[in-house]
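I have placed the structure first, in the form of structure tokens, so that the comments after it can refer back to it.
Quick note: the coordinates plus some simple rules give every number you see, no bench work behind them. Just so it is clear, the model here is predicted, and its values are computed rather than measured. Heads up, the Cβs are rebuilt from the backbone with ideal geometry, glycines too, and the neighbour counts pull from every protein chain shown.
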Amino acid sequence: MIHPRYIASLLAENIKKTRNPLGLSDINDWWKGETKRDGDWLLFTGLLYQITPYLDFIVNIFEKIENSRIQHVLPLFKSLPKSPLKLFANRDLKEYFDGVLWDIYTILNGFAEVYYLPELDFYSGILLHDFGLDEAFEEHANFVTERLENAGVSKIVTVDPHTTYALKVLYPKKFRVKTYFEILVGKIRGDCREVVRIQDPCYYGRFLEISDVYRRILDDLGVRYEDVRNSKKLTTCCGGIMEALSPKISKEISKMRLEELGGRIVTLCPICFGNLKRAGGCVEDFAEVIKRSIN
């Protein structure tokens, strides 16, 4: 296992300097300059879908050094090397996730006035909270809140569980925050007749307790889902929480979860998607199920 202090230090330094945990400033291009700049609800992605394609390279490196003395040189680095991160990014996953974000935006705009301002789309800082770096998280959350307030934002729609939890629970209570599926529930219908297994993200299932909301959407779309024993409030981790500290343990957790889920898996979290896919699972993002079912 890599010492948590080493990872926490890298994260804090990157977020302090660039407001991004990987120190990358030019990874957010899914919107293609074609989104509306005004409306009722601001789409706030929190950049997690954009960051995830760059994690494979980091996880592979950390797996090689996690039980070696080499890990002790990590404190010497003030930031992650940007060129290798960009060179070895998972291009297929980036293209897929860019498509997911675009589909969420376009589907939402069939039912609500949603706009997007990339200059206001920041990483939520949730990893600072996860690592117990409370002061650093508070500083970052206040920075993001101030930027959003100054722009006159009052209503925010989110796309992933980590960002949603941060904004709904941990951030100052300045905004009305909904997930994209909370806006869509009760408004879309379909006749898909597919069968899926749901990987409930921990933040949606255990902490926010909104896993029944997206099940209602699947019901309305005609998609049949088979719940496994560890689902909803009892959902089991995909392994993502350990991938920076011990990729080997994370991989074992992912395999165990994959064995329980089996079949065709739908999830609403890019971290769950990446980990289960890496473990060999047949995984699809929830937004793609919606897109296919309502067309």
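For region 187-294, with equal point scatterers placed on the C-alpha atoms only and solvent neglected, what are the log10 I(q)/I(0) values from the Debye formula at q = 0.20 1/Å, to two decimals?
-0.99
Picking from 4, 158, 51, whose Cα lies most toward the positive end of the charge dipole for region 4-183 (charges on Cβ: Lys, Arg +1; Asp, Glu -1)?
4
Find how much the distance from residue 135 to residue 225 grows on full extension, using 0.36 nm per residue of separation minus their present alpha carbon separation; answer in nm with one decimal. Could you put the intermediate results ahead of the total?
Numbers: separation 90, 0.36 × 90 = 32.40 nm, distance 4.13 nm.
The span from residue 135 to residue 225 would gain 28.3 nm if fully extended.
For labels at residue 191 and residue 25 in the simple 7 Å Cα→Cβ model, what's the distance in nm?
5.3 nm
For region 187-294, what's the relative contact order in percent, using C-alpha pairs closer than 8 Å and at least 6 residues apart? Write down the numbers at each step before the final one.
On the way: 180 pairs, mean separation 33.5, N = 108.
Worked out over region 187-294, it gives 31 percent.
From the phi angles alone, apply the Karplus equation (6.51, -1.76, 1.60; θ = phi - 60°) to region 138-144 and give each ³J(HN,Hα) in whole Hz, x where the residue is Gly or Pro.
4, 4, 5, 4, 5, 4, 5
Principal axes first, then extents: for the Cα atoms of region 138-225, list largest minus smallest coordinate on each axis, whole Å, largest first.
Projected onto its principal axes, the Cα set of region 138-225 covers 46, 25, 14 Å.
Any idea what the relative contact order of the chain is, in percent, if you count C-alpha pairs under 8 Å spaced at least 6 apart?
Numbers: 479 pairs, mean separation 59.5, N = 295.
Taking the mean separation of contacting Cα pairs over the length of the chain, I get 20 percent.
What is the distance in Å between the Cα centroid of region 1-52 and that of region 88-140?
7 Å
For a test of the definition: using alpha carbon positions, the gyration tensor, and the 1.5 limit on a/c, classify region 121-177 as rounded, prolate or oblate.
Numbers: a/c = 2.07, a/b = 1.37, b/c = 1.51.
Here region 121-177 falls in the oblate category.
Considering the Cα positions of the chain, please state its Rg to one decimal place and its Dmax as a whole number of Å.
Here Rg and the maximum Cα pair distance are 18.6, 56 Å.
So which trypsin sites (Lys or Arg not before Pro) in region 213-295 are both in a DSSP loop and have at most 13 other Cβ atoms within 10 Å of their Cβ? Before the final figure, lay out each step's value.
Working: sites: 215, 216, 224, 229, 232, 233, 248, 251, 255, 257, 264, 277, 278, 291, 292; in loops: 229.
Those satisfying the criteria are 229.
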